[in-house]
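Report on one structure; see the data block that follows.
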Amino acid sequence: MIKILGIESSCDDTSAAVICDRVLLSNVIASQKVHEKYGGVIPELASRMHQQNIIPVVDTAFKEANVTKNDLDAIAYTGGPGLMGSLLVGVSFARGLAASIGVPLIEVNHLQGHVLSLFLEEEGKEKAFPSLPFLCLLVSGGHTQIIVVKDYLDFEITGSTIDDAAGEAFDKCAKVMGLPYPGGPVIDALAKTGNPDAFSFAKPKVADLNYSFSGLKTSFLYFLQKKVAENPAFIEENKADLCASIQKTIIDVLMDKLIKAAAKTGINDVAIAGGVSANSGLIERLQQNGNKYGWNVFVPERRFTTDNAAMIAITGYFKYKKSLFSSFDARQLAKIGSQFGIIIYLCGEIIKVIIKINMS
Ligand code: KG4
Ligand code: ZN
């Protein structure tokens, strides 16, 4: 049984999780509310909050999992992509802890983590897992990709956004309507009572399986500016319809390319992952398309859609099985340290001899 501590600190969530093989024992997330009033993540504030949160979050993850640091076989941490200052807090903490207890370190790619969250197991819960190879639409605040997952650690990106991510489109459209950050969940909630066909917006035309969302955001902004000039209460009076319509447009764009990817690859197991995969409209449409095209569809549990350390721990588990340890593995560092010590000692001895020769 392999026990791994996962640490995630790439953006504005400080999270720690413990898994035993693929079974999740704990997953603690401290979300930073401080950014809400700025309408987006402030990197400097995020790294300071990570510094404050990391020790209590890890401590709680150990307690909830009923383990101590000495039970760990490895520590997995998010190496990127993410905010540099935020990542550094997690990386430094992971390195320090791994060195102090003498276990290997595993560097995890955040995006790979989102996808592999689909393989987390939980005590007493029956779950279905995608069969390899499967297609995964990864939709988060920073990325939008269609991935062919050939093996747990063998991904081929077949389509990607050329500008904004889908989550960014949700957040920016919410912002121009005066909704709080992050806007994705707020639009999702308001859309439930709105008419998705009330307004229509031009969909981007991008080659192959790629996406573009920056034009949509701009056309939404111009549309609102025009309407508000005619009627200052336009947004307030049409909020639910606006949310439902922009959400439908984003989902149409996402699904169009996913359907093409499934047809092109002939793959029938289709999954979604990342923060936007919590969107109720997207999940519903994925299920509808699953019925229509004969796909087996997979959606991560809601609490694993947005940033969390459970996804880092499970990816760490798959990497551990292949001995894919970070180059900053504590044991390697110790080895390098001792080799370095020998070199320094030898240099000192040589200098002493040179001084002696010069003096004589
Ligand atoms: O994966 P994530 O937590 O962070 C990144 O790696 O980027 O994704 C955050 C994004 C935000 O843009 C947020 O608005 C969006 O996921 N999001 C949603 C929903 N929940 C979170 N978007 C639409 N509907 C939701 N229910
Ligand atoms: Zn993420």
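Here region 66-89 and region 261-299 have alpha carbon centers that stand 31 Å from each other. The largest-to-smallest principal axis extents of the Cα set in the chain are 95, 45, 42 Å. Restricting to bridges with both residues inside region 134-302, how much of the DSSP beta-bridge set is antiparallel, in percent to the nearest 5? In region 134-302, DSSP labels about 60 percent of beta bridges as antiparallel. Taking the alpha-carbon distance from residue 217 and a cut-off under 16 Å, which aspartates and glutamates remain once sequence neighbours fewer than 8 residues away in the same chain are dropped? Leaving aside aspartates and glutamates fewer than 8 places away in the same chain, those within reach of residue 217 are 163, 164, 168, 171, 252.
In the chain, the calculated helix contribution to ellipticity at 222 nm averages -16000 deg cm²/dmol per residue, counting -39,500 (n - 2.57) for every DSSP H run with n ≥ 4.
Using 0.36 nm per residue and subtracting the Cα-Cα separation, the extra length available between residue 63 and residue 231 on full extension is 54.9 nm. Of the DSSP H helices in the chain, those with a Cα length along their own long axis of 18 Å or more and a mean Kyte-Doolittle hydropathy reaching -0.5 comprise 43-65, 84-101, 214-230, 234-265, 330-359. With the cut-off at 1.5 for a/c, could you classify region 93-192 from its C-alpha gyration tensor as rounded, prolate or oblate? Prolate, because a/c is 1.5 or more and a/b exceeds b/c.
Pairs from the list 150/321; 227/292; 175/292; 125/321; 150/260 with a Cα-Cα gap above 27 Å: 227/292; 175/292. Quick check on region 46-108: take the gyration tensor over C-alpha atoms, sort the square-rooted eigenvalues as a ≥ b ≥ c, and tell me if it's rounded (a/c under 1.5), prolate or oblate. Oblate shape, in that a/c is at least 1.5 and b/c is the bigger or equal ratio.
Charged neighbours of residue 309, selected by a Cβ distance under 10 Å, balance to -3 (K, R count +1; D, E count -1). Loop sites here are GluC sites (Glu not before Pro) outside DSSP states H, G, I, E and B with no more than 12 other Cβ atoms within 10 Å. The longest part of the chain free of them is 127-360.
For region 250-308, the ratio of Cα radius of gyration to the globular rule of thumb 2.2 N^0.38 Å stands at 1.08. In a fully extended conformation the segment linking residue 129 and residue 31 would gain 32.5 nm over its present Cα-Cα distance, using 0.36 nm per residue. Over region 1-79, all Cα pairs binned in 5 Å intervals from 0 give whole-percent P(r) values of 3, 17, 26, 21, 14, 10, 6, 2, 1, listed from short to long. What whole number of Å gives the distance from the Cα centroid of region 193-228 to the Cα centroid of region 10-65? Cα centroid of region 10-65 versus Cα centroid of region 193-228: 34 Å apart.
Extension gain for the segment residue 321 to residue 1, taken as residue separation times 0.36 nm less the Cα-Cα distance, is 114.1 nm to one decimal.
How many percent of the accessible area of region 69-123 is carbon or sulfur, using a 1.4 Å probe?
C and S atoms contribute 51 percent here.
Reducing region 229-255 and region 95-128 to their Cα centroids gives an inter-centroid distance of 38 Å. List the residues of region 59-89 whose backbone N lies under 15 Å from a point placed 7 Å from the Cα of residue 303 along the Cα-to-Cβ direction. It comes to 60-66, nothing else.
Quick one: pull the percent of accessible area on region 219-322 belonging to carbon and sulfur, 1.4 Å probe, ligands and nucleic acids left out. Can you show the working numbers first?
Values: 2150 of 4360 Å².
Answer for region 219-322 is 49 percent, counting heavy atoms of protein chains only.
Note that the chain presents 47 Å² accessible area per residue, ligands and nucleic acids not counted, probe 1.4 Å.
The values are calculated or read from the model by the stated rules, or taken from the named source; none is laboratory data. Bear in mind that the values here come from a model prediction, so they are computed numbers and not experimental data. Counting neighbours? That spans all protein chains shown, and the Cβs are built from the backbone with ideal geometry, glycine included. Only protein heavy atoms, including side chains, enter the accessible area calculation; ligands, DNA and RNA are left aside. Shrake-Rupley method; radii C 1.70, N 1.55, O 1.52, S 1.80 Å.
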